[in-house]
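Here is the structure we will look at.
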Amino acid sequence: MNYVVLDLEWNQPDKSELVNPDLPFEIVEVGAILLNEDRQVIGEFTQIVKPVVYSEMNRITGKLIQLHTKELKYGKSFTETMKDFFEWCGENYIFCTWGTQDLTELQRNMKYHGMPPLATRPFPYLDVQKLFSIAFEEERKVRRSLEYAVDYLHIEQDIPFHRAFSDAYYTAKVMGEIKEVFVFENYSYDVFHVPTRREDEVNVLFHDYAKYISREFEDKTAAMQDREVISTRCYLCKKNLRKKIRWFAANPKHFYSISVCDKHGLMKGKIRLKKSENGIYVVKTQKFISQEEADEIIAKRDHIRELRREKRKAGTGNKK
Ligand SMILES: [Zn+2]
């Protein structure tokens, strides 16, 4: 499988009242590097896109990315650019981007231009910013800038940053510095198209946890009543597990549970509620944990209960 390392530059109006809600960011440049499965460069793509919504380059963005209004006039149309781009991508590839925003904006722009969707359900891609943290940082949640990663890895800075092609070029270079193959197994899911049907839901197994992306629900109540959402099935032996700690809300958007598998031990469940266009969806992760980690979750639940109790008491006190 090949890697399409993609970076986009987009434009927005100088004044916020001029924002078109259907297209808050209009793509003005596409840059990409094609890598083979050994992560060697086998192709390059760069194209300026002629905007149709915001034809004046935003002053701040224009300075940052060194792209000016007069250059945009010589760009290709978005649909033509995309036709060339997907032809160039070929078959059998996975997208790689620095961060999570590029594929969202790409799909929003495609939708705006009435193009057929990239996918109708979530699809895997590699967030190289995340891979960098997994490979070189203590904390996988740390988010570094591309410049930071390039400095950190002593990658030669032979072309200026902040243009689509150069950022794709440096992102590909960072990928080249990641030697451990397992890092590339940490793919992310693009959820521009949240599943609408149960059969399009995502169930995926990583080396030490399982992830589930639900279909879209009307609201939180509907989601938290769904059997699949709240199920706690061992992702290794597929048995339904008894719960040691029932689902509890750590905050309005996050829920935790602990279940017990006789064979595999204590399993933590975490539910995150996410907003989608027409409602909400759920990302549930399940992971085996130690007794200490379980104790921490139990302490968290007890602390939340205690706070609630105190609040209730204070509430009745006020009424007197
Ligand atoms: Zn099990």
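Computed from the coordinates by the stated procedures, all read-outs in this text should not be read as laboratory data. Fair warning: this is a prediction, and the values are worked out from it, not measured in the lab. Cβ atoms come from the backbone with ideal geometry, glycine included; neighbour counts cover every protein chain shown.
Miscellaneous remarks
- The convex hull built on the alpha-carbon positions of the chain has an orientation-averaged projected area of 21.1 nm².
- The share of C-alpha pairs in the range 24-78 whose separation exceeds 19 Å stands at 37 percent.
- Calculated over the range 2-185: convex hull of Cα atoms, volume per residue (Å³): 130 Å³
- The fraction of all Cα pairs in the range 102-207 landing in successive 5 Å bins from 0 to the largest distance is 2, 10, 18, 18, 17, 15, 11, 6, 1, 0, given as whole percents.
- Chain lengthening between ARG227 and LYS83 when straightened (0.36 nm per residue, less Cα-Cα): 47.6 nm
- Per-selection Kirkwood Rh - the range 196-308 (Cα, Å, 1 d.p.): 14.6 Å
- Scattering curve values for the range 44-150, log₁₀ I(q)/I(0), Debye with Cα scatterers, q = 0.12, 0.21 Å⁻¹: -0.56, -1.28
- DSSP-loop trypsin sites (Lys or Arg not before Pro) across the range 198-247, with at most 10 other Cβ within 10 angstrom: LYS238
- Over the chain: helical MRE at 222 nm, DSSP H runs n ≥ 4 each giving -39500 (n - 2.57), nearest 500: -9500 deg cm²/dmol
- Förster radius 22 Å - calculated FRET efficiency between LYS253 and ASN186, Cβ distance, rounded to 0.05: 0.45
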